[in-house]
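Written below as structure tokens is the structure these notes are about.
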Amino acid sequence: VVEAFAPEIDDALENPVDYKSALQERLARRGALVTYDVIEEQGPPHDRVFAVSATIDGVAVSRGSGRSKKDAEQGAAQAALETLG
């Protein structure tokens, strides 16, 4: 199995997907800041889903959701990058 997916594994190791860092680096070039706020939590404690809003310079630009706050923030950052073009 590892042999079959070796190219994908190598690519993932060489190009990790960290949307939060990519967004932060992009905004730093223009002096803007991003903040993440949990806007909703659903489900029981053992099966929680979080919704997070990404705000740039006081304007909510995107949302993301996930099973952890970190995953939800990554989703919000990815959506923000897509919004910014």
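The values are calculated or read from the model by the stated rules, or taken from the named source; none is laboratory data. Computed from a predicted model, the values in this text were never measured in an experiment. When we count neighbours, we look across all protein chains shown, and the Cβ atoms used for this are built from the backbone with ideal geometry, even at glycine. Each accessible area value is taken on the protein alone, full model and side chains, heavy atoms only, with ligands, DNA and RNA left out. Shrake-Rupley method; radii C 1.70, N 1.55, O 1.52, S 1.80 Å.
Going by the structure shown, is residue 17 among the β-branched types (Val, Ile, Thr) and touching a Phe, Trp or Tyr at 6+ places or on another chain (Cβ under 6 Å)?
When the stated conditions are applied, residue 17 does not pass them.
So that you can scan it fast, the table gives a plain yes or no per residue for (1) at positive phi; (2) under 14 Å from the mean Cα position of the chain (by Cα); (3) modelled with pLDDT of 95 or more:
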{"position": "8", "(1), (2), (3)": "no, no, no"}
{"position": "13", "(1), (2), (3)": "no, no, no"}
{"position": "17", "(1), (2), (3)": "no, yes, no"}
{"position": "21", "(1), (2), (3)": "no, yes, no"}
{"position": "36", "(1), (2), (3)": "no, yes, yes"}
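Tell me which residues, restricted to region 47-85, are part of a strand (DSSP E or B), closer than 17 Å to residue 27 by Cβ and of a type outside the set (Val, Ile, Thr).
53, 54, 60, 62, 64 - these are the residues of region 47-85 that are part of a strand (DSSP E or B), closer than 17 Å to residue 27 by Cβ and of a type outside the set (Val, Ile, Thr).
With the requirement that a residue be hydrophobic (A, V, I, L, M, F, W, C), more than 13 Å from residue 76 (Cβ to Cβ) and open to solvent by 70 Å² or more (accessible area, probe 1.4 Å), what does region 29-58 give you?
Residue satisfying the conditions is 33 alone.
Name the one entry in 63, 26 that is open to solvent by 70 Å² or more (accessible area, probe 1.4 Å) and either small (Gly, Ala, Ser) or out of contact with any strand residue (DSSP E or B) (no Cβ under 8 Å at 6 or more places or on another chain) (or both).
Residue meeting the stated conditions: 26.
Yes or no: residue 81 touching a residue at least 12 places away in the same chain (Cβ under 8 Å), surrounded by fewer than 14 Cβ atoms within 10 Å (Cβ to Cβ) and of a type in the set (A, V, I, L, M, F, W, C)?
no
Test residue 3 against the stated conditions and say whether it is of a type outside the set (S, T, N, Q), open to solvent by 80 Å² or more (accessible area, probe 1.4 Å) and outside any loop (DSSP other than H, G, I, E, B).
no
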